[in-house]
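Here the structure is laid out as structure tokens; the discussion comes afterwards.
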Amino acid sequence: DQMKEMLSLSNLQLRQTIENTIIQVYNQYYNIALLAENLKAVEEALTLSRRRLERAELRVELGQGLSLDKLNAKVDISRDSVNFLDLSQQVENAKRDLEVIIGSTLPQDFDIDSSVDYDMSLTSNALTEIASVSFAFSVLL
């Protein structure tokens with residue numbers, strides 16, 4: 001009887017470890033997706049800052065702008081460049097962390113799909129039924 005309890009406890013601990021690993025993979029995957037989206041936004045901000053510098057330089061050349069505007073634009077480019085490099089490093093670190101969690105090497109430049117498809121045909125009753133079947137199945141394991 002004690003052996004059965006120990007086996008049951010061991011199975012529960014194994015299941016908990018597996019579930020925790022799956023949760024870590026999900027969390028890390030969506031962390032990478034969030035960082036990748038932020039990286040796109042910072043990249044767009046950097047592009048806009050470069051355009052702003054070009055306009056400021058042109059205005060200074062034409063005598064309509066101030067050199068202060070040009071300097072401010074350069075500061076913005078520097079700030080956006082630092083943000084871009086920082087986020088790029090965070091994305092790479094997060095990808096390495098995901099590799100550690102799954103215990104495998106992933107392709108060097110894998111992309112994260114952050115789009116979500118919703119099944120609008122599901123109703124509350126259908127979701128409750130699916131959840132109860134999943135729960136019943138997990139109890140059997």
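Only residues that are of a type in the set (Val, Ile, Thr) and farther than 29 Å from Leu39 by Cα were counted in segment 49-81, giving 1. Sub-8 Å Cβ pairs linking a first residue in segment 9-34 that is open to solvent by less than 100 Å² (accessible area, probe 1.4 Å) to a second residue that is among the small types (Gly, Ala, Ser) and assigned to a helix (DSSP H, G or I), at least 6 apart or interchain, are Gln28/Ala94; Asn31/Ala94; Ile32/Ala94, ordered by first then second residue.
Looking only at segment 112-134, filter to residues that are acidic (Asp, Glu) and at pLDDT below 80; which one of those is surrounded by the fewest Cβ atoms within 10 Å (Cβ to Cβ)? The selected residue is Asp117. Of the residues making up segment 36-55, at least one is assigned to a helix (DSSP H, G or I), within 14 Å of the chain's Cα centre (by Cα) and free of Cβ contacts under 8 Å to residues at least 12 places away in the same chain.
When you check Val82 against the structure, is it under 30 Å from Ala94 (Cα atoms), open to solvent by 90 Å² or more (accessible area, probe 1.4 Å) and assigned to a helix (DSSP H, G or I), yes or no? So Val82 passes the test.
Of all residues in segment 87-111, how many are assigned to a helix (DSSP H, G or I) and surrounded by fewer than 10 Cβ atoms within 10 Å (Cβ to Cβ)? The qualifying residues number 0.
The values are calculated or read from the model by the stated rules, or taken from the named source; none is laboratory data. All values reported here derive from a predicted model rather than from experimental measurement. Positions of Cβ are generated from backbone atoms using ideal geometry, with glycine treated the same way; all protein chains shown enter the neighbour counts. Quick note on the areas: whole protein, heavy atoms, side chains included, nothing else; ligands and nucleic acids left out. Shrake-Rupley method; radii C 1.70, N 1.55, O 1.52, S 1.80 Å.
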